[in-house]
Amino acid sequence: MKDEPRVGVFVCHCGTNIGGVVDVPEVVEYAKTLPYVVYADRNLYTCSEEGLNNIRDTIKEYNLNRVVVASCTPRTHEPLFRVACQEGGLNPYLFEMANIREHCSWVHHDSKEATEKAKDIVRMAVARSLWLEPQEEPELEIKDSSLVIGGGISGLVAAISLADQGFKVYLVEKEAELGGLVRQLYKLYPTLEDTSEILNPHIEEAKNHRNIEVHTSTTIKDIEGYVGNFHVTAIKNKEQIEFDVGTIIVATGAWNYHPPEGNFQYGVLDGVMTQLELEELLKEGKLERPEIIVMIQCVGSRVGEIWSYELVGLFHSQATRLLSKILGARGSEEGWAYCSKICCMNAIKNAILIKEQFPESEVTILYQDLRTYKEYEDFYRRARKLEVRFLKYIYEIPPEISEAPGNKLRVSFYDPFAGEEMSIICDKVALSTPLIPSKDGILLAKKLKIPLDQNGFLMEAHVKLRPIDTQIEGIFLAGTAAGPKDISESIVSAKAAAARASILMGNKVIKTEALTAVVNQDLCIGCGLCEELCPYGAHIVKDGKSTVIEALCKGCGVCVVACPQKAISAKHYTDDQILAAVKNAFTEQLT
Amino acid sequence: MSVGYEPKILGFLCNWCSYAGADLAGVSRFEYPPNARVIRVMCSGRVDPVHILEGFKSGADGVLVTGCHPGDCHYVSGNFSTERRVEIMKKVVNKIGIDPERIRLEWVSASEGRKYAELVKEYTDSIRKLGPFPLNEISDLLDAAIGAFGSERVRWLMNKQLEEIEPEKAENVIITSIEREIERYQLFQILEKGNSTVSEMAKQTNLPSDVIVQHLIALMKQGTAAITAEAEHEYIYTLSR
Ligand SMILES: Cc1cc2nc3c(=O)[nH]c(=O)nc-3n(C[C@H](O)[C@H](O)[C@H](O)COP(=O)(O)OP(=O)(O)OC[C@H]3O[C@@H](n4cnc5c(N)ncnc54)[C@H](O)[C@@H]3O)c2cc1C
Ligand code: SF4
Ligand code: SF4
Ligand code: SF4
Ligand code: FES
């Protein structure tokens, strides 16, 4: 306590909400007995104009340097009272609330007990207030340029959308060509137009846009800094390039799963291929005559364990585990637990393409459940009209593939509707495999400290309320980097990401969290524990000392409790402040 | 209510879920016993084991820590840290004579007003059955534990991810190490009051002499304690500062 505290306590009746149960005058009298309290009185409604004026005037009249309002919950009324304090000339963080309504008068009926509890709550608040310190909310400038990582359809759309708004965009693609996975495809569901019709205009527009700098054959080496001020180092054809941006959009896409060799005879028997490989054959015109083709759905998806919640967001062990899973032949027999949601439509697409080219072909789709959501139901009906056969197999008895005479393949499976074993002799088997997290995505996530979700995709800040955002301020997700999507969904997310980034850049400055952690550099030994634990990458250990990047810290306090040297403190939630409340919870121990 | 003992509960509530849940209990007028005094923290991950132990020292009979459900923490993973810390802590305090039920971690979301009200009621009843916290009996041990949980070694152990070791083994290592640290703090506290010998310390702490000697050697290596004299075939140890 630097200055001698002069505390003013305002106890609220809240009409009869508090006053009807708690003996407010008694609480006021009690507050007056507490050390450093120089003023205590009551209001009928403290949040009324009259009540707020009373706070403003009393601060001046009594030269208060701490204000405690005993009323309702700080979650709704703290901002209002803080403003009143500020208008009265007091730093708004020298204000403390005692919740004697939600936590007291509304939940206890016995007036005597409630009054005693209210006194305790007021005492705790006064005790804590003695240790409060003024805080500032720093402002931060946001550079009006953006980095888009990944030049697939999502990255292209996001880049164009930002560039059209006048922001400078650096579009970085590690391959020599733009276009991503879509470039490998032949025609697109549900319209069956050529990929080039969708892709080429976007690629041309990005390349020729005056606000976009396209860097192909370029990888990200390092990203330093934080929202508004990221410094990017990239390697382009072995040469280093550097630039600064205010925001980042991650559009690194996803990989298509390859089954390990031998799984469904993949890589063993000729004629067994993934849907992507089948589509490449179609694209190159290598399907030359009518054939019998069997497609198997959910190969490598909707199997295996769904990871327990404990792994969600906990980055380190998870990333290691995922990487090894992906690097093993881009997957393992374990497979992936989620539904990749593009494979059903994609199989139907290829089936239609084949039937339309060679109506005498026989195409069978073996599925567990067929998921043709939204308008794709029409697409499914179209396939049925073309006499594509849909047969069901069950998860427990996956289809088996073997050689058949005459260079053919035999697919044997159990049909639960017929209740018997069936087999089909065919020319080709196409395996519908999922979109899976990419190695590049995971490595980048690690670099940017973006947590992964339970499937290994980059995690959005909140599934329901904050999609597109990441946990790291100023970094947004577009496309399949965040999970399986088809092209229209990827484009929606890319435009959303561009909108989120442009809000930040359009505002030019943001107010950052006042309640951050601070490191006492004299005590810090650079052990790195804080850096490991912080969910926002706000601790940077350099030269044996940790520093908190205030723009990133959200003030959770996790690092404060962990630091072995007790070198970190949380503004507005210091040990002294918390312990003052603890020590006064049951008896008076004001110091 | 019958005359007699009313338990005192100290609650730590995270701002985003549990405090909001408690607010909702109020808005919904769910009545519950008035035994709890609560402290709002931004995240349950801000609750320091030392705060919990200081709670007992300040008169709490039970400490209730509440946070967002796993996966819902406003700060992504704060509550996982809390869970780990509280789990370890409960096992350690059990060994020094504090019933682990006196520390309780629960998840309460912003919509679980009823759960919060019932939790306070149920926990108050549970602590009522346990009776008052044995503050007088174990106050020295409690002080030693406060020292230990604030120490560099224990904070490291409680928070470092030990990926190389199997989780169960790791937990055993952590718990025994913390116990040792508490013993060391017990000796430290005795020496803080004045010079002492191994047999005196054994009497005061009920620790075996060989354990005490080991700790003293460690303290001497650190430069915290030293032998300053000899009396009746025993060394006299002093705190060196
Ligand atoms: C077999 C198959 C068929 C499909 N058919 C259809 C269809 O018919 N219709 C439809 O709507 N959708 C279809 N899809 C889905 C479609 O492919 C995706 O929606 C689309 O590719 C998503 O685009 P994206 O830009 O998000 O990712 P991607 O297309 O994967 O692009 C990501 C880009 O980022 C680059 N990159 C990755 N990491 C880095 C890095 N660290 N630095 C720089 N660059 C990086 C990659 O090289 C790539 O160019 C199909 C998918 C599959 C697997
Ligand atoms: S300040 Fe809160 S408690 Fe007081 S009148 Fe307003 S709403 Fe009611
Ligand atoms: S945990 Fe503490 S001592 Fe270790 S690096 Fe962070 S601030 Fe420094
Ligand atoms: S308080 Fe939380 S967000 Fe801030 S540096 Fe510490 S762990 Fe990170
Ligand atoms: S914010 Fe509620 S537990 Fe972290």
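For the range A:7-151, averaging the sequence separation of C-alpha pairs within contact (under 8 Å, six or more residues apart) and dividing by the residue count gives a relative contact order of 27 percent. A Förster radius of 56 Å combined with the Cβ-Cβ distance from B:Asp140 to A:Ser488 puts the calculated FRET efficiency at roughly 0.20.
Which pairs in the list A:Lys439/B:Lys160; A:Lys32/A:Lys571; A:Lys446/B:Lys169; A:Lys508/A:Lys554; A:Lys207/A:Lys439; B:Lys95/B:Lys203 are over 22 Å apart, alpha-carbon to alpha-carbon? Walk me through the numbers on the way to the answer.
Details: A:Lys439/B:Lys160 27 Å; A:Lys32/A:Lys571 28 Å; A:Lys446/B:Lys169 28 Å; A:Lys508/A:Lys554 20 Å; A:Lys207/A:Lys439 27 Å; B:Lys95/B:Lys203 19 Å.
Cα-Cα > 22 Å for A:Lys439/B:Lys160; A:Lys32/A:Lys571; A:Lys446/B:Lys169; A:Lys207/A:Lys439; rest within.
Where does the protein assembly as shown land on the Kirkwood hydrodynamic radius, alpha-carbon pairs, in angstrom?
Values: mean 1/r = 0.0325 Å⁻¹.
Evaluated over the protein assembly as shown, this radius sits at 30.8 Å.
Based on DSSP H runs of at least 4 residues, each adding -39500 (n - 2.57), what is the mean residue ellipticity at 222 nm of chain B after dividing by all its residues, to the nearest 500 deg cm²/dmol?
-17000 deg cm²/dmol
The value obtained for the range A:1-56, namely the Cα convex hull volume divided by the number of residues, is 82 Å³ per residue. Within the same chain, aspartates and glutamates fewer than 8 places from A:Lys495 are excluded, and of the rest, those with a Cα less than 15 Å from its Cα are A:Asp164, A:Asp469, A:Asp486. Label separation (A:Ile503 vs A:Glu29): 5.2 nm, computed from points 7 Å beyond Cα along the C-beta direction.
Over the residues of chain A, the helix contribution to mean residue ellipticity at 222 nm works out to -9500 deg cm²/dmol, using -39500 (n - 2.57) for each DSSP H run of at least 4. If you roll a 1.4 angstrom probe over the protein chains with everything in place, what fraction of the accessible area of chain A belongs to carbon and sulfur, to the nearest %? With neighbouring chains kept in place, the figure for chain A is 48 percent.
If you take the beta carbon distance between B:Ala202 and B:Asp125 as r and set R0 to 45 Å, what does 1/(1 + (r/R0)^6) give as a FRET efficiency, to the nearest 0.05? About 0.65, to the nearest 0.05. Of the GluC sites (Glu not before Pro) found in the range B:174-241, those that fall in a DSSP loop while having at most 15 other beta-carbon atoms within 10 Å are B:Glu232. When the C-alpha to C-alpha distance is required to be over 20 Å, the pairs from A:Lys349/A:Lys428; A:Lys221/A:Lys449; A:Lys447/A:Lys542; A:Lys583/B:Lys193; A:Lys117/B:Lys129; A:Lys174/A:Lys238 that qualify are A:Lys583/B:Lys193; A:Lys117/B:Lys129.
Taking amide H as placed 1.01 Å from N in the peptide plane, the amide H of A:Met295 sits under 5 Å from that of A:Thr364, A:Ile365, A:Leu366, A:Ala430, each at least 5 places away or on another chain.
Starting from the Cα gyration tensor of the range B:31-90, take the square roots of the eigenvalues, sort them a ≥ b ≥ c, and report rounded, prolate or oblate (rounded when a/c is under 1.5, otherwise prolate if a/b is larger than b/c, else oblate).
Verdict is oblate for the range B:31-90.
Averaged over the residues of B:21-28, the number of partner chain Cβ atoms lying within 10 Å of the residue Cβ comes to 5. Modelled label positions at B:Val211 and A:Asn63, each set 7 Å beyond Cα in the direction of Cβ, lie 5.7 nm from each other.
Assuming R0 = 51 Å, what is the FRET efficiency of A:Lys238 and B:Ala170, from their Cβ-Cβ distance, to the nearest 0.05?
On the way: r = 44 Å, r/R0 = 0.86.
That pair, A:Lys238 with B:Ala170, gives E of 0.70.
Each Lys or Arg adds one and each Asp or Glu takes one away; over the other residues whose Cβ falls under 14 Å from the Cβ of A:Leu409, this sums to -3.
Taking the DSSP bridge list for chain A and keeping only pairs wholly inside it, about 45 percent are antiparallel.
A straight Cα-to-Cα reach below 15 Å connects A:Lys464 with the aspartates and glutamates A:Asp453, B:Asp72, residues fewer than 8 places away in its own chain not being considered.
Subtracting the Cα-Cα distance from 0.36 nm times the residue separation, let me have the gained length for A:Asp164 to A:Asp222 in nm, one decimal.
Working: separation 58, 0.36 × 58 = 20.88 nm, distance 2.72 nm.
Once the chain is fully extended between A:Asp164 and A:Asp222, it gains 18.2 nm.
GluC sites (Glu not before Pro) within the range A:194-277: which are DSSP loop residues with at most 13 other Cβ atoms inside 10 Å? Mind dumping the intermediate values first?
Details: sites: A:Glu197, A:Glu204, A:Glu205, A:Glu213, A:Glu224, A:Glu239, A:Glu242, A:Glu261, A:Glu277; in loops: A:Glu261.
Of the GluC sites (Glu not before Pro), the ones in loops of the range A:194-277 whose Cβ has at most 13 other Cβ atoms within 10 Å are A:Glu261.
Working from Cα pairs under 8 Å separated by at least six residues, relative contact order for chain B is 19 percent. When the range A:36-172 is described by a simple charge dipole with +1 on each Lys and Arg Cβ and -1 on each Asp and Glu Cβ, the residue from A:Val122, A:Gln165, A:Ala84 located farthest towards its positive end is A:Val122. What longest range of chain A stays clear of loop-exposed trypsin sites (Lys or Arg not before Pro) (DSSP non-H/G/I/E/B, at most 14 other C-beta within 10 angstrom)? Excluding the exposed sites themselves, the longest stretch runs over A:3-209. The longest part of chain A holding none of the exposed loop chymotrypsin sites (Phe, Trp or Tyr not before Pro), meaning those outside H, G, I, E and B in DSSP with at most 12 other Cβ atoms within 10 Å, is A:1-372. For the range B:99-187, the relative contact order comes to 32 percent (Cα pairs under 8 Å, sequence separation of at least 6).
Per the 1.4 Å probe, what fraction of the accessible area of the range B:1-75, in percent, lies on carbon and sulfur atoms?
Its accessible area is 55 percent carbon and sulfur atoms.
Computed from Cα positions, the angle between helix A:111-130 and the longest principal axis of chain A comes to roughly 90 degrees.
The values are calculated or read from the model by the stated rules, or taken from the named source; none is laboratory data. Treat the numbers as computed from the prediction; the structure is a model and nothing was measured. As a convention, Cβ positions derive from the backbone with ideal geometry for all residues, glycine included, and neighbour counts pool all protein chains shown. Please note that ligands, DNA and RNA were not included when accessible areas were found on the heavy atoms of the full protein model with its side chains. Shrake-Rupley method; radii C 1.70, N 1.55, O 1.52, S 1.80 Å.
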